[in-house]
Amino acid sequence: MAKIKFQTPSGMHDVLPQDQIYFQKIYKTIEKTFDFYGFEKIDTPILENADLFSRSVGVNTDIVEKEMYILRTKEGKDALALRPEGTAPIMRAYLEHGLNTYPQPIKLWYHGPFFRHERPQAGRYRQFWQYGFEVLGDKESVVDAQTILIAFNILNDLGINNISIRINSIGDENCRGEYRKALVKFLKSKKNSLCRDCLRRSKTNPLRVLDCKNEKCREILNEAPQIIDYLCDDCKTHLKSVLEYLEELKIPFTLDPFLVRGLDYYTRTVFEIEVPFGEEGEGGVLAGGGRYDILSKVLGKTNVPSCGAAAGIERIVSVMRARKLEGVYASLPKVFISQIGPLAKKKGLVIFEELRKAGIKATELFSKDSLKAQLSKANRLNINTVIIIGQKEALKDMVIIRDMETGKQSEVSIKEMVKEVKTRLK
Ligand code: AMP
């Protein structure tokens with residue numbers, strides 16, 4: 001039989017306790033933030049029908065074309081995808097449960113694992129965690145500005161500075177067609193100089209060419225027509241208003257005419273928030289989002305104008321760790337219960353529960369009988385209040401409470417124990 005490999009699948013990773021201190025800090029921060037801004041939590045399944053993503057994210061996007069994990073059920077009828085992103089499932093849930101019949105907008109947030117079969121590298125995993133939020137059923141530009149503000153505030157509250165925000169508008173159904181034509185014409189005129197990826201994309205998804213990181217292509221693309229010059233009046237007014245709100249909020253941003261983002265469902269505002277790469281390879285784009293007024297129409301329903309954002313938790317964690325920012329640590333126990341003898345162990349278990357019910361964090365070493373081993377654990381944890389129960393005390397329903405610093409000990413009944421511990425901990 002082949003040996004088991006003690007290794008996660010390529011591109012996937014364990015979130016170990018030393019990572020959890022940052023994950024927990026992020027969860028606490030987002031929970032508080034979303035509560036303040038009036039968002040409600042939603043969880044959607046890890047698996048969705050694959051066509052939800054091919055229709056909404058777009059068949060010619062990297063996510064759908066190359067990176068989606070698709071599972072077939074035993075009968076082979078259903079193609080289910082491990083969710084590569086969170087927006088399409090939330091729109092599916094909104095439409096499925098008739099959330100459009102409630103007063104609008106509906107504001108939802110989530111966090112959880114997502115899956116993309118990308119080439120694993122620093123900051124790019126095949127299973128990664130995101131948090132995100134969506135405002136569904138609101139077309140106003142103030143929502144776009146608030147989306148950017150919230151995404152920014154969370155990173156700021158986590159202690160991450162040196163953040164930059166890039167914003168663009170990619171127009172809507174009215175004006176994007178004209179721009180696309182102009183861009184395709186330009187790309188055709190440069191076809192001898194562009195990389196193979198760009199050539200392929202200029203046929204399948206020309207806007208994505210603007211994302212190319214190849215330096216030679218970048219030089220050429222700097223000359224490409226800019227969408228901002230093709231925006232219809234409504235899109236122009238929308239963008240201007242989003243930027244005015246951000247200026248009023250004193251949120252720093254730059255306009256990036258080449259920012260398009262990878263997904264088909266975006267309309268008008270798109271943005272990305274990034275920090276410079278650090279010495280340990282941490283940084284880059286931490287969060288991104290935008291408006292997606294046509295997503296529900298693409299899924300076969302009427303328009304639900306919406307806006308949202310998502311952030312990569314691992315990338316944020318690596319920045320927090322490299323910059324030595326604070327995580328959330330478990331609170332330390334205040335009391336240690338030590339026991340000598342079988343009856344004392346039984347009583348110790350009960351005492352442990354009494355302390356739990358009283359909200360006093362305690363700890364123990366019930367699996368060891370030696371008092372020395374037990375007290376050395378109490379010492380290691382820097383616990384000053386130690387409860388000692390021996391056979392004699394157990395028979396009398398008493399315990400000894402020892403102050404480790406002064407060495408002073410007193411005997412109290414188990415009944416009085418919680419009260420006495422509380423007084424000592426004051
Ligand atoms: P996206 O849904 O592509 O806009 O991604 C939103 C955020 O999730 C990005 O800004 C990244 O921080 C993070 N992210 C996206 N893909 C990955 C990945 N493969 N591994 C780790 N983080 C990712």
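The values are calculated or read from the model by the stated rules, or taken from the named source; none is laboratory data. All figures in this text were calculated on a predicted structure; none of them were measured in a lab. Backbone-built Cβ (ideal geometry, glycine too); neighbour counts: all protein chains shown.
Side notes on the structure shown:
- Set Tyr265, Tyr245: member being closer than 24 Å to Glu65 by Cβ, touching a helix residue (DSSP H, G or I) at 6+ places or on another chain (Cβ under 9 Å) and in contact (Cβ under 8 Å) with a residue 60 or more places away in the chain: Tyr265
- Test: residue in the stretch 252-263 that is of a type outside the set (Lys, Arg) and part of a strand (DSSP E or B): yes
- Helices (runs of 4 or more DSSP H) contained in the stretch 1-104 and holding at least 3 residues under 28 Å from Leu207 (Cα atoms): 50-56, 62-65, 87-96
- Matching option when the condition is under 23 Å from Val319 (Cα atoms), surrounded by 18 or more Cβ atoms within 10 Å (Cβ to Cβ) and within 14 Å of the ligand (Cβ to nearest atom), among Val260, Val275: Val275
- Residues (over 17 Å from the mean Cα position of the chain (by Cα) and either near the ligand (Cβ under 8 Å from one of its atoms) or in a helix (DSSP H, G or I) (or both)) located in the stretch 106-128: Glu118
- Number of residues in the stretch 280-317 that are within 16 Å of the ligand (Cβ to nearest atom), in a loop (DSSP other than H, G, I, E, B) and not charged (D, E, K, R) equals 3.
- Number of the exception - Arg268 against (1) modelled with pLDDT under 95; (2) under 15 Å from Arg176 (Cβ atoms): (1)
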